[in-house]
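Okay, so here's the structure we're looking at.
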Amino acid sequence: MQSVVKSPGSQISVGLSPLRKFWQRFIGFLFPPETDTWLAVLRSGLGLQVIVYALFLRSDWHYLFASSGKGLVGREVGEAITAFDSPLIPTFSWLVAFGRNLNMSEETVLTVAWVSLLSAGCLLLLGLFSRPAAIVAWFVHLCAAESGGLLAYGADSFMTTALFYLMLSPLPDHYSFDHWVTKTKPKNPLVLGFWRRVLQVHLCFVYFIGGLAKCLGNGCWDGANLWRSLIRPPFDLVSPEPGGHLAFPVRAGEHRRLQQLPSNKDSPQSYRIRTR
């Protein structure tokens with residue numbers, strides 16, 4: 001029998017073939033060709049959300065973000081909590097300190113910030129000066145979310161993240177006024193696909209970690225979280241009593257938790273058991 005001797009070059013090529021396939025698939029995953037339709041939807045949706053956010057806080061803007069003695073709690077509390085994470089996170093104190101150098105009062109700085117946020121939202125919705133508007137909206141909203149940390153929700157974090165990616169995305173899209181005015185060239189489909197993929201991967205990580213954290217908690221397994229959400233205003237519009245056979249496992253899990261607490265007739269826990 002004749003032995004077949006393979007050259008080192010053939011062995012190397014065979015060894016690298018799976019690696020090259022993996023690399024090609026990875027590059028194809030990161031850079032899928034896409035149109036800028038998703039970017040137009042993201043831009044207009046965030047513009048509308050920024051407008052609604054600014055209009056809903058119009059009457060309480062100074063009340064929420066004024067310093068101590070002038071507002072509800074004082075933005076110093078939220079900014080102190082933010083400073084524990086990083087002193088480089090922008091807050092309204094940065095803008096107030098900058099305004100003092102220009103002889104501007106705190107109320108004037110907050111008013112300018114609100115007008116800037118509302119204007120940036122309108123420009124994003126129209127697609128006019130898209131990138132500068134995205135930068136202004138991201139910065140002002142980040143200052144509002146961090147200065148009012150005690151009143152911020154998870155939606156504020158998602159909104160800041162979306163504005164950050166919009167700021168870095170290849171703007172403008174061909175649905176915007178910027179494209180009609182400046183007649184910009186079409187963007188590279190691979191670059192558009194890359195930024196969409198990065199946003200998708202980020203959201204996947206966020207929801208995966210959030211779901212994992214809920215699964216590790218006891219309230220997700222014994223029904224306490226669901227029962228508390230059903231009985232807490234304003235989400236208690238539909239009473240769970242008509243579906244007693246469906247709500248029984250949830251209430252049973254909650255009562256098991258409450259029965260482990262110290263018994264006291266005047267305690268809030270016993271009050272909650274009697275009224276359910």
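The values are calculated or read from the model by the stated rules, or taken from the named source; none is laboratory data. Just so it is clear, the structure is predicted and the values come from calculations on it, not from any experiment. FYI the Cβ positions are ideal-geometry reconstructions off the backbone, even for glycines, and counts take in every protein chain you see.
Yes or no, residue by residue, for (1) under 25 Å from residue 182 (Cβ atoms); (2) of a type outside the set (Gly, Ala, Ser); (3) in contact (Cβ under 8 Å) with a residue 24 or more places away in the chain:
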position: 62; (1), (2), (3): no, yes, yes
position: 77; (1), (2), (3): no, yes, yes
position: 82; (1), (2), (3): no, yes, yes
position: 92; (1), (2), (3): no, yes, yes
position: 100; (1), (2), (3): no, yes, no
position: 106; (1), (2), (3): no, yes, yes
position: 109; (1), (2), (3): no, yes, no
position: 128; (1), (2), (3): yes, yes, yes
Check off (1) surrounded by 24 or more Cβ atoms within 10 Å (Cβ to Cβ); (2) at pLDDT 95 or above for residue 169 and give me the number that stays unchecked. (2)
Scanning for something in contact with a Leu (Cβ under 8 Å, 6 or more places away or on another chain), among the small types (Gly, Ala, Ser) and closer than 18 Å to residue 60 by Cα, does region 176-195 turn up at least one residue? no
Can you pull out every residue in region 81-96 that is surrounded by 12 or more Cβ atoms within 10 Å (Cβ to Cβ), among the hydrophobic types (A, V, I, L, M, F, W, C) and more than 20 Å from residue 54 (Cβ to Cβ)? 81, 83, 89
Scope region 79-114; condition of a type in the set (S, T, N, Q) and under 19 Å from the mean Cα position of the chain (by Cα); matching residues: 82, 86, 91
Residue satisfying all of: in region 109-152; surrounded by 22 or more Cβ atoms within 10 Å (Cβ to Cβ) and hydroxyl-bearing (Ser, Thr, Tyr); nearest to residue 172 (Cα to Cα) among these: 130
State which residue pairs qualify: first residue farther than 21 Å from residue 88 by Cβ and inside region 144-157, second residue among the polar types (S, T, N, Q) in any location, beta carbons under 8 Å apart, and separation of 6 or more residues or different chains. none
